[in-house]
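**Q** This is the structure I want to talk about, given as structure tokens.
The values are calculated or read from the model by the stated rules, or taken from the named source; none is laboratory data. Predicted model only: the values in this text are computed from it and were never measured. Quick reminder, even Gly has a Cβ in these numbers, built from the backbone with ideal geometry, and neighbours come from all protein chains shown.
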């Protein structure tokens, strides 16, 4: 009898960087904080552990199962099974790298999603989330390689559907007091000014209506802004916002982050606990 397999998907993209730089970006804790997360530690070699912290209480631990430098990395999630959500195989990420003529071709395969409808949110959420992370990695390696990243990360639980939340976020009371985001297509220019006077201007990297938005922000030294509407069953929708900056003073980034948080949490008031701590464990397995 053939063992039942869970669902999987693959992503392909190219990076104008040496394969050694791409390998380091996915296996070195410090490098991972420059495009993927707030904190990370990685033990090299098969059997090593990757500890990842995205901030806001969202954390994950993965074990390295395949370690072939510059060729193939496979990690599998370490953690308890979710009640009512069993998969035939563990959640895993496979990275396959090839290099030719100054370009590294990346193929990433995410697997281990169950077949039932209770898994749809995770399959869909990670599918779009990885698109944004990959674009951030590519941008970092091609434009800011070796520079430390100062990041703004926030999570906000939503009491309204994603479409309505997106409309609020893009309104004059939200992030777009002046300017607009009328033509959100890949490669299109954009510009808006918040109610605090911060200007975001650059080029759209990715956009799925009322779901996800990613952009290179030229006005902030080629930073990357990511917005994503996500859902955790039984807990509701939440907004994930990240701003990766490179080469900017940390104090300046922290002040900008405080202004962004004031706007977002003004639109979507949160409870007394950390905005995301209640559902962090559900996101990261």
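**Q** So, of the residues in segment 212-237 that are closer than 23 Å to residue 140 by Cα and in contact (Cβ under 8 Å) with a residue 40 or more places away in the chain, which turns out to be farthest from the chain's Cα centre (by Cα)? Spell out the reasoning first.
**A** As a first pass, look at segment 212-237 and keep what is closer than 23 Å to residue 140 by Cα: 212-228.
If we keep only those that are in contact (Cβ under 8 Å) with a residue 40 or more places away in the chain as well, we get 212, 214, 216, 222, 224, 226-228.
Values: 212: 10, 214: 10, 216: 14, 222: 17, 224: 11, 226: 7, 227: 9, 228: 8 Å.
Step by step, filter segment 212-237, then rank; the result is 222.
**Q** Can you find, within segment 131-148, the residue that is nearest to residue 239 (Cα to Cα) among those that are surrounded by fewer than 18 Cβ atoms within 10 Å (Cβ to Cβ) and in contact (Cβ under 8 Å) with a residue 24 or more places away in the chain?
**A** Within segment 131-148, the first condition is being surrounded by fewer than 18 Cβ atoms within 10 Å (Cβ to Cβ), and the residues that meet it are 142-143, 145-148.
Still in the running and in contact (Cβ under 8 Å) with a residue 24 or more places away in the chain: 142-143, 145, 147-148.
Values: 142: 28, 143: 27, 145: 28, 147: 27, 148: 25 Å.
Ranking the qualifying residues of segment 131-148, first place goes to 148.
**Q** Out of curiosity, is residue 60 within 15 Å of the chain's Cα centre (by Cα), in the same structural domain as residue 103 (by TED's automatic domain parsing), farther than 21 Å from residue 111 by Cα and part of a strand (DSSP E or B)? Steps first, please.
**A** Numbers: within 15 Å of the chain's Cα centre (by Cα): yes; in the same structural domain as residue 103 (by TED's automatic domain parsing): yes; farther than 21 Å from residue 111 by Cα: no; part of a strand (DSSP E or B): yes.
Against the criterion (within 15 Å of the chain's Cα centre (by Cα), in the same structural domain as residue 103 (by TED's automatic domain parsing), farther than 21 Å from residue 111 by Cα and part of a strand (DSSP E or B)), residue 60 does not qualify.
**Q** Any residue at all in segment 171-179 that's surrounded by fewer than 19 Cβ atoms within 10 Å (Cβ to Cβ), at negative phi, part of a strand (DSSP E or B) and modelled with pLDDT under 90? Quick ask: steps written out before the conclusion?
**A** Filtering segment 171-179 down to residues surrounded by fewer than 19 Cβ atoms within 10 Å (Cβ to Cβ) leaves 171-173, 177-179.
If we keep only those that are at negative phi too, we end up with 171-173, 177-178.
Next, only the ones that are part of a strand (DSSP E or B) stay: 178.
After this cut, where a residue has to be modelled with pLDDT under 90 as well, the list is 178.
Yes, segment 171-179 contains a residue that is surrounded by fewer than 19 Cβ atoms within 10 Å (Cβ to Cβ), at negative phi, part of a strand (DSSP E or B) and modelled with pLDDT under 90.
**Q** Hey, does segment 112-122 have a residue that's within 16 Å of the chain's Cα centre (by Cα), within 15 Å of residue 212 (Cα to Cα) and at pLDDT below 90? Lay out the reasoning, then the answer.
**A** Keep residues of segment 112-122 that are within 16 Å of the chain's Cα centre (by Cα), which gives 121-122.
Now drop any that are not within 15 Å of residue 212 (Cα to Cα), which leaves 121-122.
Among the residues that remain, those that are also at pLDDT below 90 are: 121-122.
Yes, segment 112-122 contains at least one residue that is within 16 Å of the chain's Cα centre (by Cα), within 15 Å of residue 212 (Cα to Cα) and at pLDDT below 90.
**Q** Any residue at all in segment 221-235 that is surrounded by fewer than 16 Cβ atoms within 10 Å (Cβ to Cβ), modelled with pLDDT of 95 or more and within 22 Å of residue 149 (Cβ to Cβ)?
**A** Just the residues of segment 221-235 that are surrounded by fewer than 16 Cβ atoms within 10 Å (Cβ to Cβ), to begin with: 221, 234-235.
From the residues that got through so far, the ones that are modelled with pLDDT of 95 or more too are 221.
From what's left, within 22 Å of residue 149 (Cβ to Cβ): 221.
The answer is yes, given that some residue of segment 221-235 is surrounded by fewer than 16 Cβ atoms within 10 Å (Cβ to Cβ), modelled with pLDDT of 95 or more and within 22 Å of residue 149 (Cβ to Cβ).
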